[in-house]
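Peer 1: This is the structure I want to talk about, given as structure tokens.
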Amino acid sequence: MGTSSLVPVIDLQDFPSQSQKLIDASQEWGCFRIINHQIPTTLMSDMKSVVRSLLDLPPEIKRRNTDVIAGSGYVAPSKVNPLYEGLGLYDIGSTHAVLDFCSQLDASPQQRDTILRYSQSIHKLAMDIGNKLAQSMGLASDLFMGWPCQLRINKYSFTPETLGSSGVQIHTDSAFLTILQDDENVGGLEVMDKKSGEFVPVDPMPGTLLVNLGDFATSDLIDTFTNVSKVWSNGRFYNVKHRVQCKEATIRLSIALFVLGPKEAPLEAPPELVDSENHPRLYVPIHFEDYRKLRLSTGLRAGELLTSYLQAMFHFD
Ligand SMILES: O=C(O)CCC(=O)C(=O)O
Ligand SMILES: [Fe+2]
């Protein structure tokens with residue numbers, strides 16, 4: 001049995017039976033594998049081929065994939081992550097945005113078709129996971145409804161010389177939740193174990209997807225947002241720290257879908273759920289795009305902003 005078997009596996013067709021397992025995984029691991037997710041294996045492999053062709057395009061074409069929100073467009077190899085590059089599609093819930101992305105990169109009709117079908121399926125899956133998370137906590141079931149989602153396709157150019165070095169530095173995801181199609185052959189992803197602080201390899205498990213929770217899902221934010229602290233008061237959603245290491249001298253590809261946060265409103269507790277005695281607001285309400293800009297400008301990418309900034313900025317009145 002490989003170490004990857006440590007990461008909990010959730011069967012999406014087995015609900016509500018697996019509700020508690022889902023909450024436990026979100027609190028103790030901040031990540032879990034999902035099986036029976038209804039994304040066809042052929043669509044996953046077709047999308048992976050499209051991802052490869054798009055990231056193999058010349059840099060001048062990839063640069064047409066400009067930012068829609070801070071950091072959402074093409075990311076070229078950099079000093080910090082020289083082996084990594086990625087393209088981004090902000091708002092996959094919008095067919096218009098998906099087609100714009102395809103046009104920027106001169107995608108063929110067949111590639112467009114794959115990107116559209118993948119976007120629709122993964123978006124539907126994200127909403128389903130949102131419902132299952134909410135229902136598992138005994139809440140109304142439209143947690144992610146209307147929240148923008150961003151797709152990011154990643155390429156790691158690993159060589160014999162780069163073995164042992166970092167593909168992507170240690171970070172948390174800034175969004176609420178990420179659905180990752182990791183490379184089914186090439187490992188390298190590692191998550192930090194909450195208790196020991198040690199990195200645990202997440203080995204490929206073909207046909208499955210990996211879900212991990214980001215800064216916007218941490219316990220205090222979600223507690224104040226949903227007021228569920230009484231339901232699982234000693235529980236905490238864990239915004240898992242992770243990184244990608246070069247383990248093999250080959251190209252590694254991955255596809256990440258980030259469920260960001262509410263579109264218009266900042267993420268905050270609804271007023272009727274806040275009372276200063278029992279449920280004081282813990283963090284200053286913040287809009288996802290502002291949070292994202294703050295992360296990029298401060299360079300604090302491993303969740304430190306939640307305590308250093310959002311709490312410090314807050315004034316009880
Ligand atoms: O490539 C991977 O497996 C992980 C990528 C990642 O952590 C991210 O895009 O935030
Ligand atoms: Fe990540």
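Peer 1: Can you confirm whether VAL80 is under 26 Å from THR250 (Cα atoms) and part of a loop (DSSP other than H, G, I, E, B)?
Peer 2: yes
Peer 1: Exactly one condition in (1) surrounded by fewer than 15 Cβ atoms within 10 Å (Cβ to Cβ); (2) at pLDDT below 95; (3) not hydroxyl-bearing (Ser, Thr, Tyr) is false for GLU60; which is it?
Peer 2: Looking at each condition in turn, GLU60 falls short on (2).
Peer 1: Hey, another quick one. Restricting attention to segment 1-52, and to residues there that are of a type in the set (Lys, Arg) and buried (at least 16 other Cβ atoms within 10 Å of the Cβ), which single residue is nearest to GLU85 (Cα to Cα)?
Peer 2: Selected residue: LYS48.
Peer 1: Please go through segment 168-188 and give me each residue that is part of a loop (DSSP other than H, G, I, E, B), near ligand 2 (Cβ under 10 Å from one of its atoms) and of a type in the set (S, T, N, Q), ordered by number.
Peer 2: Of everything in segment 168-188, those that are part of a loop (DSSP other than H, G, I, E, B), near ligand 2 (Cβ under 10 Å from one of its atoms) and of a type in the set (S, T, N, Q) turn out to be THR172, SER174.
Peer 1: A further question on this structure: Got a sec? Which of LEU151, LEU189, LEU177 is under 19 Å from GLN135 (Cα atoms), within 15 Å of ligand 1 (Cβ to nearest atom), under 20 Å from the mean Cα position of the chain (by Cα) and modelled with pLDDT of 90 or more?
Peer 2: LEU177
Peer 1: With respect to GLY146, is the statement that it is touching a Lys or Arg at 6+ places or on another chain (Cβ under 7 Å) and part of a loop (DSSP other than H, G, I, E, B) true?
Peer 2: The answer is yes for GLY146.
Peer 1: Check off (1) touching a Gly at 6+ places or on another chain (Cβ under 6 Å); (2) among the polar types (S, T, N, Q); (3) surrounded by fewer than 14 Cβ atoms within 10 Å (Cβ to Cβ) for SER72 and give me the number that stays unchecked.
Peer 2: (3)
Peer 1: Condition first: closer than 22 Å to LYS241 by Cβ and part of a strand (DSSP E or B). Now tell me which residues in segment 156-167 satisfy that.
Peer 2: If the condition is that a residue be closer than 22 Å to LYS241 by Cβ and part of a strand (DSSP E or B), then TYR156, SER166, GLY167 are the ones that fit.
Peer 1: Of all residues in segment 192-221 being surrounded by 23 or more Cβ atoms within 10 Å (Cβ to Cβ) and in a helix (DSSP H, G or I), which is nearest to ligand 1 (Cβ to nearest atom)?
Peer 2: Residue satisfying both the conditions and the ranking: ASP215.
The values are calculated or read from the model by the stated rules, or taken from the named source; none is laboratory data. Owing to the predicted nature of the structure, the values given are computational and were not obtained by experimental measurement. Ideal geometry is used to build each Cβ from the backbone, glycine not excepted, and the neighbour counts take in all protein chains shown.
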